[in-house]
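Okay, structure first, notes after.
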Amino acid sequence: MSNKTLFHILLVLTMVWAGLSCFSYLMMALLMPTMQDLYSQNPTLVPDQFAVMMDRMFEVPRSFYAASGVLYVLEVVGAAVMWRLRWTGFHCYTLARLLLLLLPALFLGRGFVGVGDIMFALLFIAVYYLLLRRLIAEQQEPPADLQPPAEI
């Protein structure tokens, strides 16, 4: 598998994951008051097993969901710009990813930052950096048939 193919596969996975996350977080931020009203009027709407989850979800500030959704938009934009082999896209993606790691600590406390999240974020940032650097270097080299012949 070529570097470019691997790069594009990772970008598609990133765009799909970040796009779905963006949608869910922004919908949660927009619909939170409606969901709280609906749940408070009819608590039997959800099974008892989900009641604790719903209560915890409503404890999270609405601004956390909105900020997460906006950062996922920035991540999608960064991935789309990286598709065109631009460093600006890498910087947007990296900024969004690092801020998404800090967001739970800012809104929910230090205990909500997962080690797995940190490892995956650093792994994707490193892989994108290495692949982007390699692909840009390959793009700038003239093709072999256009180079002057070596003198003997």
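Taken together, the values in this text are just the output of simple stated rules run on the coordinates, not laboratory data. Remember, it's a predicted structure, so these values are computed and weren't measured experimentally. No Cβ is skipped: glycine too gets one built from the backbone with ideal geometry, and neighbour counts run over all protein chains shown.
With neighbour counts taken as other beta-carbon atoms within 10 Å, the residues E59, E138 rank, fewest first, as E59, E138. If R₀ is 41 angstrom, what is the calculated FRET efficiency for the pair L101 and F50, using the beta carbon separation as r and rounding to 0.05? It comes to 0.90.
Take each peptide in 43-56, 115-128, 75-88, 19-32, count the other Cβ atoms within 10 Å of every residue, and average; sorted highest first, the result is 75-88, 19-32, 115-128, 43-56. Dipole check for the chain: with +1 at the C-beta of Lys and Arg, -1 at the C-beta of Asp and Glu, and the Cα centre as origin, the magnitude is about 180 Debye. Taking Cα atoms, how many degrees apart are the long axis of helix 3-41 and the longest axis of the chain, rounded to 10 and kept between 0 and 90? Approximately 10 degrees, to the nearest ten. Model label sites at Q139 and S2, defined 7 Å from Cα along the beta-carbon direction, differ in position by 1.4 nm. The HN-Hα couplings worked out from phi for segment 124-131 by the Karplus form 6.51 cos²θ - 1.76 cosθ + 1.60 (θ = phi - 60°) are 5, 4, 5, 5, 4, 4, 5, 5 Hz, whole numbers, x standing for Gly and Pro.
Within segment 57-79, name every residue whose backbone N is under 14 Å away from a label modeled 7 Å from Cα of F112 along the Cβ vector. Counting only backbone N, you get 57-69. The distance from the alpha carbon centre of segment 101-125 to that of segment 1-45 is 17 Å, rounded to a whole number.
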